[in-house]
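Structure, as structure tokens:
The values are calculated or read from the model by the stated rules, or taken from the named source; none is laboratory data. Since the model is a prediction, treat every value here as computed from it, not as a measurement. All Cβ positions, even for glycine, are placed from backbone atoms using ideal geometry, and neighbour counts span all protein chains on display. Surface areas here come from the heavy atoms of the whole protein model, side chains and all, with no ligands, DNA or RNA. Shrake-Rupley method; radii C 1.70, N 1.55, O 1.52, S 1.80 Å.
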There are 2 protein chains.
Amino acid sequence: MQIYHQIKDEIINGTRKEGDILTGSRELARTLHVSRNTVDNAYSQLLAEGYLIPKKGSGHMIASLPELKGQYPHQACEFTEKHTLKSEMKSHPSVLYDLTNSSHTSDLFPKSLWKRYTLECLEMLDHEKKLAVYLDKQGELYLRRNLLSYLKRIRGVHCNENQIVITCGIQHSLDLVCQLLCDEKITILMEEPGYHKAAVVFQNNGLEIQSVPIDEDGIIVSKLPSSPKNQVLYSTPSHQFPTGVTMPIGRRFELLKWAKSNHAYILEDDFDSELRYYAKPIPSLQSIDMNDTVIYIGTFSKALSPSIRMGYMILPPQLLKIYLDKFQYYNSMIPILNQYVIAHLIQTGEYDRHVRRLNHVFRKRLERFLEEFSDVSEKVSISCNGSGQYFLLEFSAMANQDALIRKALEHGVRVYSTMQFWQEKADCPPNTLFLGFSKINLTDIPDCVKRLKTAWSEWL
Amino acid sequence: MQIYHQIKDEIINGTRKEGDILTGSRELARTLHVSRNTVDNAYSQLLAEGYLIPKKGSGHMIASLPELKGQYPHQACEFTEKHTLKSEMKSHPSVLYDLTNSSHTSDLFPKSLWKRYTLECLEMLDHEKKLAVYLDKQGELYLRRNLLSYLKRIRGVHCNENQIVITCGIQHSLDLVCQLLCDEKITILMEEPGYHKAAVVFQNNGLEIQSVPIDEDGIIVSKLPSSPKNQVLYSTPSHQFPTGVTMPIGRRFELLKWAKSNHAYILEDDFDSELRYYAKPIPSLQSIDMNDTVIYIGTFSKALSPSIRMGYMILPPQLLKIYLDKFQYYNSMIPILNQYVIAHLIQTGEYDRHVRRLNHVFRKRLERFLEEFSDVSEKVSISCNGSGQYFLLEFSAMANQDALIRKALEHGVRVYSTMQFWQEKADCPPNTLFLGFSKINLTDIPDCVKRLKTAWSEWL
């Protein structure tokens, strides 16, 4: 390495010039008291990198490198460290309780099962000689078959396993849908308020977004534009994000009729419908669609973990055809082992048991929150349809989200604004907050709510 | 469930009509000899789904569902099964040896280490309370730090950990780069021949592709368009795909000079540079770029497994800024556990040991192929720079790829066309084949080559 670096540096700084002939390796080895092999290795490397060229007969000479002078780079990159700092600052030191809806307590992850199934699935994959191959781009059949039978049972979907595509989650599904549709100029219709992390995917794919208002039954069908073609509605019918309303069956049929007569697609984001604490999950919109207008997307982020990074979509046949054509040369983006572990969890029934356990835990947490807030029920009202991982808190008094959030933070509790969900920020009610109940332990809830009540005493 | 389905069906088929009042739950329970709870559960579900509405006072009545008639869907989806069949047919029954370059033999995957580290990393993540949270969208710092020190050592890259983005592999990296750049109309310059699976990503992102010829030193810089802005060159300098040539240092500096003076980016795809059997890996183009023109992308597919689905990219600071802005609300697409396992492999030195072992095995396989073909060296020449997982086989005689491939298949060996790598198919030499040597065991190589020689006897 010393010989290699010395010669390279001399070439770069001009000490050795084009056409100079290098000392023979035997001679240099003798001079330096090293083995000839050592010198040969250094020369080979310089040859492979193009600093040397072979001399006619034998030996090596310096290559012609006119572009090289003064080009050698700075060794250190001075880019600021502020982004690291920023991400390390993220967990505010004084936050005792983070009422986020986008994760849950670590103890709810089925760690032991995941360990056991990882070991089992590695053996399965070894046996099938699948540890080092490219995968089915739609996802492994083993997973798609098990997922299909689960989704048929729980969400009423009707399709076959070929229509399923395993993805890295909701955003990846949306990204793929954008690429499937983007040959024509598409307008995306979004519920207002709606899921901002979906909106940003549409924007990054260059699509135009138009907002459509919702009422207590979900999206208002009469407010959807009629007749123009190339429209795609992104909707959360079973648990509207963030208001939490459930679209009743009548509205669902109305919506499907709109889609059919306008040749529009409905992107049904069914992100947390497994988590339902009082009634059974409501059958999906896809389950009652008979015109192939619904693209169904789901995720394992809510029931397993957001760090699993796996979701799925069900494509109607005509879109599947486009997918198979456009993505013919793509590879799946999801590790095979994770696909097998989840397939195995579903197949053995452990996934169902896990979801039941989760529902039990989340229901208790939700109810404890409702209970702790019950004595101020004239001052704040809670909207929640008994599912998912969050509820909305609306103050009767005039209030300002920023002030409410700041006050809560001063008392160690992080709560969230609803502003981010509105395309038209001015329409966002200033006195409504977004609170998640999945990342807080049951026993911490009384203290958490007590802190909130203290923080918000002037509005209560 | 029986009560629920019976009432739902009667509403759908019109037996029960809007405004009809349901029998009280107490009475129905008595009639059916079931508990009142059972009836209440069925009613609650119908209420939640919107088939019923609460009657003033008490009880339930059928909701107004004008859109519902005749809308109920077919239960089965008749989409053909041909795609399953197609994917199941993929492994041709008569193929004994598949000379693909895109996977390797299952035994080379570090299965035991992966098992052990999975268990250890699950405990680490549990301890850090990270089993059920959203991740750093750029990838976990633990991985980025370890990866950076590895890439500095092996590929000479200069950057800091904030410039690294962990991705699902090469195609995902390219997809992200397209989204970073797509605000302006970009032309992608590609080596001809080049990597078709990259081309398809650019096409799906709506970008225009222009081919640039290569010679025995890689891309010909003088053939690159000059002056027009918004150009991005996709290049494989350390191991040109598929010709296998290595770009020497002089050409590298020429290329960087072109990029600087044209404000162009170079996408350096460094897909398999760890796998190098004679010299050390050649420092990356990124390592000698002092103008932030290189976007460096790499993958774990070659050294670990393509089923791991993990890669990375290094963004120059100005693109990192765009990334942080555009992808602010995105979540990472890579499972946290896999990130930790790989970080741990690198940190403990096991990754280096694994790569050394792989290089030893692949070198032996390559040499065995060269040896087995040595007696026909006047009829076929092999191009390979002693790295990666493939070589090109060129016939001296006039030959036709299709015929060569068909003949080989008749003798149980799958070999590959080079046609797919050419944008301009007519320019593809008809007598050159693409052979991978990573998915065949050393002891099988003599039999495999014997079969090929028999299959190709008329050309040898």
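Structure above, values below:
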read-out: Test set (1) open to solvent by 10 Å² or more (accessible area, probe 1.4 Å); (2) part of a loop (DSSP other than H, G, I, E, B); (3) within 13 Å of another protein chain (Cβ to nearest Cβ) - B:T243 fails condition number; value: (3)
read-out: Residue check, A:P283 more than 30 Å from B:S106 (Cβ to Cβ), surrounded by fewer than 22 Cβ atoms within 10 Å (Cβ to Cβ) and either modelled with pLDDT under 95 or in the same structural domain as A:L366 (by TED's automatic domain parsing) (or both); value: yes
read-out: Index of the failed condition, B:V177 passing every other in (1) among the aliphatic types (A, V, I, L, M); (2) more than 9 Å from chain A (Cβ to nearest Cβ); (3) open to solvent by 10 Å² or more (accessible area, probe 1.4 Å); value: (3)
read-out: Checking B:T31 against (1) hydroxyl-bearing (S, T, Y); (2) outside any loop (DSSP other than H, G, I, E, B); (3) modelled with pLDDT of 85 or more, the condition it does not meet; value: (3)
read-out: Residue in region B:193-234 that is nearest to the other protein chains (Cβ to nearest Cβ), counting only those that are loosely packed, with under 15 Cβ neighbours inside 10 Å and basic (K, R); value: B:K223
read-out: When residues of region B:330-351 are limited to those that are more than 21 Å from B:D136 (Cβ to Cβ) and open to solvent by 30 Å² or more (accessible area, probe 1.4 Å), the one farthest from the chain's Cα centre (by Cα); value: B:T348
read-out: Test: A:V341 is hydrophobic (A, V, I, L, M, F, W, C) and closer than 16 Å to A:K302 by Cα; value: no
read-out: Tabulated pairs, region B:136-165, first under 14 Å from B:V294 (Cα atoms), second modelled with pLDDT of 95 or more and of a type in the set (K, R), C-beta under 7 angstrom, 6+ apart or interchain; value: B:I164/B:R144
read-out: Count of residues meeting criterion [closer than 20 Å to B:H172 by Cα, at the interface with another protein chain (Cβ under 7 Å from one of its Cβ atoms) and not hydroxyl-bearing (S, T, Y)] in region A:287-323; value: 3
read-out: Selection within region A:246-263 - of a type in the set (G, A, S) and either touching a helix residue (DSSP H, G or I) at 6+ places or on another chain (Cβ under 7 Å) or surrounded by 22 or more Cβ atoms within 10 Å (Cβ to Cβ) (or both); value: A:G250, A:A259
read-out: Subset of region B:53-111 (residues that are at pLDDT 65 or above, open to solvent by less than 70 Å² (accessible area, probe 1.4 Å) and acidic (D, E)); value: B:D98
read-out: Given (1) modelled with pLDDT of 95 or more; (2) within 20 Å of A:L174 (Cβ to Cβ); (3) not polar (S, T, N, Q), number of the condition A:L207 does not satisfy; value: (1)
read-out: Which listed residue is surrounded by fewer than 19 Cβ atoms within 10 Å (Cβ to Cβ) and touching a Ser or Thr at 6+ places or on another chain (Cβ under 9 Å), from B:E378, B:E372, B:E367; value: B:E378
read-out: Selection count, region A:415-430, where residues are acidic (D, E) and crowded, with 16+ Cβ neighbours inside 10 Å; value: 0
read-out: Qualifying residue in region A:130-153 (condition: within 9 Å of another protein chain (Cβ to nearest Cβ), more than 22 Å from the chain's Cα centre (by Cα) and β-branched (V, I, T)); value: yes
read-out: Number of positions in region B:212-239 that are within 26 Å of B:Y416 (Cβ to Cβ), of a type outside the set (F, W, Y) and within 23 Å of the chain's Cα centre (by Cα); value: 6
read-out: Residues (more than 7 Å from chain B (Cβ to nearest Cβ), of a type outside the set (S, T, N, Q) and over 19 Å from B:K111 (Cα atoms)) located in region A:325-341; value: A:D325, A:F327
read-out: Entirely in region B:258-376, the helices (runs of 4 or more DSSP H) that have 3 or more residues that are over 17 Å from B:R144 (Cβ atoms); value: B:317-326, B:350-373
read-out: Search result, residues across region B:16-42 that are open to solvent by less than 90 Å² (accessible area, probe 1.4 Å), closer than 20 Å to A:I288 by Cα and of a type outside the set (A, V, I, L, M); value: B:R16
